[in-house]
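Participant: Pasting a structure here, questions to come.
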Amino acid sequence: MSDLVLHAGFSFLTAFLGALGGIGGATILVPLLMVTGLGILEAAPLGLVSVAATSLSASTRQLEAGLVHHRLGVTVEVVASSFAIVGALASTAVPEVWLARSLGLGALAGAVFTLARRGTRNRGEVAFLGDSAGEWPGTLGGTYHFDGHSVPYQARRVGLGLGVAATAGAISGMAGVGGGFLKTPAMSEVMHVPVKVAGATATFTSGVTAAAGLLVFVGQGRVELTDSAAVALGALVGAALGARVQARLQASRARLVTGAILLVVAAVVIGRTL
Amino acid sequence: MSAGHPPGSHGGAAPDPRAGRFDALTSALRVTQLAVALLAATAIVVGSGPAAAVLGAAALGALVAAGPVRVAWLAQRWLRRGDRLYGSLAVLLVVLPVLGLVVSILL
């Protein structure tokens, strides 16, 4: 029972922090579970449970705010899920230290992407006033509302963004994280989608990545059901609170929170493998 | 797959046809959140044994299904509206996790 409460508590805390930055809680939960003694092969399935719960928890609020771009998410996710399955299948054959290093390097890359940019790329436009927030059907563009403005956007450099998403998927499948820490910067920094839309879309896609990876882990007999339930409950509640706070956060602050969390995760994970 | 302009993007008095398009999806996701939370909480209270495992499996099943079912809902919606490119991508995305499960069992 104490382990269940501990896992639920960790999951709550990490899902809250993860939802703030749109990176999902597993990027923090998996390293935390490793620090407390679990191997990455045991921690990875619990990480993906946290990812799926975070995605589900944040979904209603983000849908109502018109922040999720489903077509962009599905496009990114087809690539990410394919590589997540390959990563999950390969994870039992790769030495644990390399799995951990791939997670740490991915987090470091995400931090650099996120912290490198300054200023606002997508600005409000009078021509779009009155346009409802959301995606434009049949395109990878859309509008979102922020601070009283309607902000139009259009995904650019889609091929390069999908390349980063493939890397995120492979790390996700191997290390049991949602990959949002790479997908969010892939969409915001590479594809020039507003960071809040990128974060919400990454949260949506991470739920699908988690399903793909978890089903592989179920097939491999690596999913502990009661522990998973504890992690799911903690993540559901933590992510709901995190998404509530994130909706009020300025884009620059959201980037700062995301970058800072990723730097700490990268330092802890890489430090433990040296 | 890249550029595009919003159909009728300029504001006006006409009601927005996109308003409320995700109401059904949002309600279904809210019910799923509640179901997963209840099942998981009960599993924690029960603690161990076959009952806890069954409750945990039910919570996990609903959690895993939520993402792909949402994509399936989007796929049928887009295909009905003639958006074949993204509809087909969404169908592919629903099939992928099942493919992963089958391959992992076979390996």
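Throughout, read-outs are computed from the coordinates displayed, never taken from laboratory work. Every value quoted in this text rests on a predicted model; they were computed, and no experiment measured them. Heads up, the Cβs are rebuilt from the backbone with ideal geometry, glycines too, and the neighbour counts pull from every protein chain shown.
Participant: Averaged across the residues of A:38-51, what count of C-beta atoms belonging to other chains lies within 10 Å of each residue's C-beta?
Facilitator: Neighbouring Cβ atoms belonging to other protein chains average 1 per residue here.
Participant: Please give the peptides A:159-172, A:92-105 ranked by average Cβ packing (other Cβ atoms within 10 Å per residue), highest first, as a rough proxy for protection.
Facilitator: Going by the mean number of other Cβ atoms within 10 Å, highest first, we get A:159-172, A:92-105.
Participant: Please compute the contact order of segment A:2-273 in relative form: average sequence separation of alpha-carbon pairs under 8 Å and at least six residues apart, divided by the residue count, as a percent.
Facilitator: About 39 percent, as a whole number.
Participant: Using only atoms on other chains, find how many Cβ atoms lie within 10 Å of each Cβ of peptide B:52-65 and report the average.
Facilitator: Counting other chains' Cβ atoms within 10 Å and averaging over B:52-65 gives 6.
Participant: Follow-up. Please work out the Cα center distance from segment A:29-61 to segment B:67-102, rounded to the nearest Å.
Facilitator: Rounded to whole Å, the Cα centres lie 25 Å apart.
Participant: Along segment A:179-193, what does the Karplus equation 6.51 cos²θ - 1.76 cosθ + 1.60 (θ = phi - 60°) give for ³J(HN,Hα), rounded to whole Hz, x for Gly and Pro?
Facilitator: Each residue of segment A:179-193 in turn: x, x, 5, 9, 5, 4, x, 4, 7, 7, 8, 8, 8, 6, 8 Hz.
Participant: Rank by packing, highest mean first: peptides A:176-183, B:97-104, B:46-53, A:258-265, with packing defined as the count of other Cβ atoms within 10 Å averaged across residues.
Facilitator: A:176-183, A:258-265, B:97-104, B:46-53
Participant: Picking from A:102, A:184, B:25, whose Cα lies most toward the positive end of the charge dipole for the protein assembly as shown (charges on Cβ: Lys, Arg +1; Asp, Glu -1)?
Facilitator: My answer, from the dipole projection, is A:184.
Participant: Explain nothing, just the number: dipole magnitude of the protein assembly as shown about its Cα centre with +1 on each Lys and Arg Cβ and -1 on each Asp and Glu Cβ, in debye rounded to the nearest 20.
Facilitator: 800
Participant: Select from A:41, A:237, A:134 the residue farthest towards the positive end of the dipole of chain A; place +1 on Cβ of Lys and Arg, -1 on Cβ of Asp and Glu, and compute about the Cα centre.
Facilitator: A:134
Participant: For every helix of n ≥ 4 consecutive DSSP H residues, a contribution of -39,500 (n - 2.57) applies; sum these over chain A, divide by its total residues, and give [θ] at 222 nm rounded to the nearest 500 deg cm²/dmol.
Facilitator: Rounded to the nearest 500, it is -24000 deg cm²/dmol.
Participant: Across peptide A:149-156, what mean number of C-beta atoms from other chains lies inside 10 Å of a residue's C-beta?
Facilitator: That average works out to 2.
Participant: Would you be so kind as to identify which of A:13, A:53, A:250 lies farthest towards the positive end of the dipole of chain A, taking Lys and Arg as +1 and Asp and Glu as -1 on Cβ and the Cα centre as origin?
Facilitator: The residue sitting farthest along the positive end of the dipole is A:250.
Participant: Another question about this same structure. Could you sort A:231-240, A:205-214, A:107-116 so that the peptide with the highest average Cβ count within 10 Å comes first and the rest follow in order?
Facilitator: A:205-214, A:231-240, A:107-116
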